[in-house]
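The values are calculated or read from the model by the stated rules, or taken from the named source; none is laboratory data. These figures come from a predicted structure and were not determined experimentally. Note that each Cβ is placed from the backbone with ideal geometry, even for glycine, and that neighbours are counted across all protein chains shown.
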């Protein structure tokens, strides 16, 4: 079965987010003074072949730990959606 | 009213995604041969004060066009959630 996985990688609380801080500092200069708490993370989308949703989720979790995220400074969340057979 | 906005920025179809391509090439070396179509984008989360949801969405869209995304090569989608009053 084929699944689409979507992984959201965000900074752990307390870890500096320089991209978010830079955007937050830039916004008032563009006239946007009503925006706060800007955080920028990455989103990984991929297609995975697996026996079932649990197997897909387990493998994506392992891939996050090994390659997609840095568990020392980042948190990740995984959404799995089954793709219609083609 | 305060809203949380979540902006997903992805590459437009046909635009090279070097980060995704690099991860896709790295996965087989780690033993993951059942993964394809890896795409990596960014996600921006922020808090915005606005009169209503439509105003928040309109302003975030304008911010995407001006700063958060590059409309020439990127697409973006916006989700707005009302935050409980504090």
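Worth a mention:
- Filter result for the condition that a residue is within 15 Å of the chain's Cα centre (by Cα) and modelled with pLDDT of 95 or more, over A:26, A:51, A:69, A:21: A:69
- Any hit, the stretch B:6-13, residues being more than 27 Å from residue A:27 (Cβ to Cβ) and assigned to a loop (DSSP other than H, G, I, E, B): yes
- Members of the stretch B:45-86 found to be in a loop (DSSP other than H, G, I, E, B) and within 17 Å of residue B:12 (Cα to Cα), listed by number: B:69, B:70, B:71, B:72, B:73
- Scan of the stretch A:14-33 for residues that are within 29 Å of residue B:18 (Cα to Cα), at the interface with another protein chain (Cβ under 8 Å from one of its Cβ atoms) and part of a loop (DSSP other than H, G, I, E, B), ordered by number: A:27
- Number of the condition not met by residue B:36 [criteria: (1) within 9 Å of another protein chain (Cβ to nearest Cβ); (2) surrounded by 15 or more Cβ atoms within 10 Å (Cβ to Cβ); (3) farther than 28 Å from residue B:83 by Cα]: (2)
- Test result for residue A:86, at pLDDT below 95, surrounded by fewer than 19 Cβ atoms within 10 Å (Cβ to Cβ) and more than 11 Å from chain B (Cβ to nearest Cβ): yes
- Test: residue A:14 is exposed (fewer than 13 other Cβ atoms within 10 Å of the Cβ) and out of contact with any helix residue (DSSP H, G or I) (no Cβ under 8 Å at 6 or more places or on another chain): yes
- Odd one out for residue B:14 among (1) within 19 Å of the chain's Cα centre (by Cα); (2) at pLDDT 95 or above: (2)
- Residues in the stretch A:34-44 that are within 21 Å of residue A:74 (Cα to Cα) and not in a strand (DSSP E or B): 0 in all.
- Qualifying residue in the stretch A:48-66 (condition: closer than 21 Å to residue B:6 by Cβ and without any contact (Cβ under 8 Å) to a residue 40 or more places away in the chain): no
- Positions within the stretch A:43-68 being surrounded by 21 or more Cβ atoms within 10 Å (Cβ to Cβ) and more than 8 Å from chain B (Cβ to nearest Cβ), in sequence order: A:56, A:60, A:64
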